[in-house]
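Only one structure is covered here, and it is reproduced in the block below.
Every number in this text was worked out from the coordinates using simple rules, so none of it is lab data. None of these values were measured; they are calculated from a predicted model. Here the Cβ is made from the backbone with ideal geometry for all residues, glycine too, and neighbour counts use every protein chain on show.
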Amino acid sequence: MKYSEMDIAALSALLQKREVSAKELAADALAAIKETDGTIGAYLTVAEEEACRQAEIADKMLADGTAGALTGIPFAMKDNICTKSVRTTCASKMLENWLPVYDACVTEQLKKAGAVMLGKTNMDEYAMGSSSENSALQLTRNPAAPDYVPGGSSGGSAAAVAANECAFAIGSDTGGSIRQPASFCGVVGMKPTYGTVSRYGLVAYASSFDQIGPLTKTVADNAKVLEAISCHDRRDSTSLPEYDTNYSALIGKDLSGMRIGLPQEYFGEGIHPEVAALVQNAAKKLEQAGAKIEECSLPAVSYALPAYYVLCCAEASSNLARFDGIRYGFRAESVDDLDRLYRKTRTEGFGKEVRRRILLGNYVLSAGYYDAYYKKAQQARTLLIRAFRDLFAQYDLLLAPVAPTPAYKIGEKSNDPMEMALGDICTVPVNLGGLPAISVPCGTVAQDGANLPVGFQLIGPAFSEAKIYQAAAAYESGV
Amino acid sequence: MQLDAKTLDTLAWLSRLDIPEDETEALSGSIAEMLTFFQQLSALDTEGVEPTAHIAPLENVLREDEPFSPRLDRDLLLSGTQSEDGLITLPKVIG
C-alpha cells in the first residue's frame, strides 16, 4: 500500500518505528498532490516550503521522544483558517492574496502536535454554499466521480482526503459543511459540540454556528485529530472550559445498552430512496453490534431550515461588514470617495452568493422586519433545542441521513440557490442546537455509470463525542 | 414574487453593495423567494418562547484588563490593503 493511501494510525506506527521519516512522507504527499490535483482541484495553495519546514520539526520530535499521534502526519487545511504567512483566501477574490500575520488556534495546535500542513483547500466562498461551486478561485471535482460536486463548503478538504492527497483535513461546519462533503466524497467528517475547537483565526461566517472539525479516512483517526485540536482558548469567548477530551476512550467497546433513535422526519419526502435504504441498513448493522434501535419523531426539524437561513444570513451580514477594502485584501481602483470605495470594493470583491446572503441578512435585521424574521427564527431555535433535549432524555444518539441525495452533477444546482439550500435539511438542525454529529460512509448509489458515496449521520447531545465515535467505530469495524 | 426596486436599493445601501443592472431581476426574484420561504416560520406558535441568541453554555464574565496576546498591531496595520509609513491610506474624507 502506498503511504498516501494509509490512514493516520498506520503512518504513525511507521514513523514511530522509524521506517519512514516525516520528510519522506511530506515529499510523498506533495508528489501525490502533483499527480492528481490537476484533475481534482482540492488545493488552492500548496505550501511546499512550509511542509518541508514542519516535517523537519516533526523528525526532530520523533528523534527526541516528544512525538504524538499526529507528529509527521501530512494534512490539509480549509482556506478560511488563518495560517501565518500562507495565503488564506476564503476562496474569495476579496482575500485572494491575503497573508495572515498570525496562526489560528487550530493551526497552532496542529503545529504543536507536529503535524505537517501540505496546503490550503478550496471551499465555497466564505463557506457559503453546499457544493464548493461558489469558490471564486477554482472548481473542485468529486474524486469518486469527476463530473460531480464534492459537496461543500469544505469540498476541497473532503476531496483531498478522498483522493489520498493528505492523511486528514480540517474543515468548518456552519450548516453541514464538514458532514455533507464527507458524505459526498466517502470520508469520515465530524462537527463537534459548539465551543470544542477554538474559532480564533477562523474567518467568521455565522459565529453562533461556525465550528471547526476533522475529515479523515477512519473513525479512530477522526477522534485522534479532534483530541489534538480541541482546547480551551481565552481568545475565543465561546471556547468551552477544559473538559474530558479523551474522544477515543470508548472506541472498541460494544454497544449493548446504547439506545439510538431514528427520527422519521429525516426519512420523509425528498429523501432519495436509496439513501434512505443505506441509512436503514446502517441502523441494522448498529443493532447487530448491540445497540437498541427505535423509530422516533422530531417534528421541530420542519422549521429548522428557514430558521437557520434567517440567522446565518443575519450573522453573515454583520460579520462580513469588516471587508471594506481598507483593512483586508482587495481594494477597488479609481475611487475618490470613501462610501463609493466601500461599495465598489464589496461589489467587485464578493461573489453573487455572498452578496445575496448579505442582502438577505440586512433585510431580516431591518427595523420593521426584525421581529417577524430574526426574533422569530431565534425563538424557533429555542423550540428545536428543547425538542432535541427531550429526545436525548430517551436516546443516547440519533441516526439520520446526512443529505437527502448523493452528490449531484457540477452545474446541476448552481443557478438555483433555493434548491441548493433545501439540500441542507438534514444537517442544519445540529448546528442550531450546537450539537456534535458525525458523517460515516455507508455505501454507494449507482448513477449514470458513477458510484456515488453516501454517509449516515450520528447525532448526540452536547459533549457526547466519545459515544458518537464508539458507535461509528462499531459500525465501521462491522462493514 | 419580486422585491420592489426601492426596497432593493435600501438593502444595497445598508449592505454597502451595488446591484449590477444585469443582476437586478434575478437577485430580487431570488431574495423574494427566500423571504417567502422564511415566512413558514410565521405559522409557528412562539408565544412566550425566549429567543436563543447563542448556544454556548457560558456566562459573560469580566477579566482583569491585562495584555496577553502577542503584539500584532504593527503587522496588522501593514497587512492593510494600502499603507504608507505604517499607516493605512484611504480616500480623503473631509473636503
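One table, with the values for the structure above:
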{"item": "Three-way shape call for chain B based on the alpha-carbon gyration tensor, with the a/c threshold at 1.5", "result": "oblate"}
{"item": "Förster-model FRET efficiency, 41 Å R0, A:S256 and B:D22, C-beta, rounded to 0.05", "result": "0.10"}
{"item": "Contact order relative to length of segment A:161-212, as percent, for alpha carbon pairs under 8 angstrom and 6 or more apart", "result": "38"}
{"item": "Rotationally averaged projected area of segment A:33-118 (alpha carbon convex hull; nm²)", "result": "6.0"}
{"item": "Helical contribution to [θ] at 222 nm, DSSP H n ≥ 4, -39,500 (n - 2.57), averaged over chain A, rounded to 500", "result": "-11500 deg cm²/dmol"}
{"item": "R0 of 30 Å, Cβ-Cβ distance A:R386-B:F37: FRET efficiency to nearest 0.05", "result": "0.80"}
{"item": "Cα-projected label distance for A:A13 with B:H54, points at 7 Å along beta-carbon direction, nm", "result": "4.5"}
{"item": "Taking chain A and dividing mean pair separation by its residue count, relative contact order in percent (alpha carbons under 8 Å, at least six apart)", "result": "17"}
{"item": "Dipole axis of chain A (+1 Lys, Arg; -1 Asp, Glu on Cβ), positive-most option in A:C105, A:T216, A:F456", "result": "A:C105"}
{"item": "Two-site FRET efficiency, A:I57 against A:E96, from Cβ-Cβ distance with R₀ of 41 Å, rounded to 0.05", "result": "0.90"}
{"item": "Within-13-Å neighbourhood charge of A:Y194 [Cβ basis; K, R +1; D, E -1]", "result": "-1"}
{"item": "Burial order of peptide ranges A:211-218, A:71-78, A:29-36, A:236-243 (average beta-carbon count within 10 Å, highest first)", "result": "A:71-78, A:211-218, A:29-36, A:236-243"}
{"item": "For A:K292, net neighbour charge (Lys/Arg +1, Asp/Glu -1) across residues whose Cβ lies under 11 Å away", "result": "-2"}
{"item": "Beta bridges by DSSP in the protein assembly as shown, antiparallel share as percent, to the nearest 5", "result": "70"}
{"item": "Long pairs among A:K60/A:K111; A:K224/A:K253; A:K93/B:K92; A:K93/A:K217; A:K23/A:K120; A:K93/A:K191, criterion Cα-Cα beyond 22 Å", "result": "A:K93/B:K92; A:K93/A:K217; A:K93/A:K191"}
{"item": "12 Å beta-carbon shell around A:P417, net charge (K/R +1, D/E -1)", "result": "-2"}
{"item": "Mean Cα-pair separation over length for segment A:1-154, i.e. relative contact order, pairs under 8 Å, 6 or more apart, %", "result": "24"}
{"item": "Whole-Hz couplings from phi, Karplus 6.51/-1.76/1.60, listed for segment A:436-444; x for Gly and Pro", "result": "x, 7, 10, 10, 10, x, 9, x, 9"}
